[in-house]
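The values are calculated or read from the model by the stated rules, or taken from the named source; none is laboratory data. Only a predicted model underlies this, so the values are computations on that prediction, with no experimental measurement involved. Cβ placement follows ideal geometry from the backbone for every residue including glycine, while neighbour counts extend to all protein chains displayed.
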Amino acid sequence: MKAKIAHFRGGKHTQTNNHMLLVAVGVDNREKASKLVGKEVVFLTEKGNAISGKIASAHGNSGVLRAVFEKGMPGQSIGKEVEIK
């Protein structure tokens, strides 16, 4: 399943670099998003390196997912696709 990285998870004054918000194809409510919790996520960089993570929870009621990656994500990853396994 494909998903697109929407943004970093953050607050008013903070940004968490290894937490990303994902918008998955065909997921449009919290119930569908909750079924994906615990699945592995892989992001491929332009060099071909893989950064893996895991879906931690749903974010809001419109089907957005929160993924925690093993290390901080580059800013260039926003708008790029990830693979949900």
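Here is a yes/no grid of residues against (1) farther than 14 Å from L22 by Cα; (2) among the polar types (S, T, N, Q):
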| position | (1), (2) |
| --- | --- |
| E40 | no, no |
| E46 | yes, no |
| K54 | no, no |
| S57 | no, yes |
| V64 | no, no |
| K71 | yes, no |
For A50, state whether it is more than 9 Å from the chain's Cα centre (by Cα) and among the small types (G, A, S).
yes
Can you find a residue that is assigned to a loop (DSSP other than H, G, I, E, B) and either of a type outside the set (F, W, Y) or out of contact with any strand residue (DSSP E or B) (no Cβ under 9 Å at 6 or more places or on another chain) (or both) anywhere in the stretch 2-9?
no
Residues satisfying the stated conditions in the stretch 14-45, i.e. closer than 16 Å to G75 by Cβ, in contact (Cβ under 8 Å) with a residue 12 or more places away in the chain and assigned to a loop (DSSP other than H, G, I, E, B):
T45
Those residues of the stretch 37-85 which are basic (K, R) and at pLDDT 95 or above amount to K39, K54, R66, K80
Kindly establish whether A58 is free of Cβ contacts under 8 Å to residues at least 40 places away in the same chain and touching a helix residue (DSSP H, G or I) at 6+ places or on another chain (Cβ under 6 Å).
yes
Only one of K71, K85, K80, K35 that is basic (K, R) and surrounded by 14 or more Cβ atoms within 10 Å (Cβ to Cβ):
K80
Go through the stretch 46-55 and count every residue that is exposed (fewer than 10 other Cβ atoms within 10 Å of the Cβ) and either acidic (D, E) or in contact (Cβ under 8 Å) with a residue 24 or more places away in the chain (or both).
1
Looking only at the stretch 33-40, decide whether some residue is over 19 Å from M1 (Cβ atoms) and charged (D, E, K, R).
no
Any hit, the stretch 1-16, residues being within 18 Å of K80 (Cβ to Cβ), basic (K, R) and modelled with pLDDT of 95 or more
yes
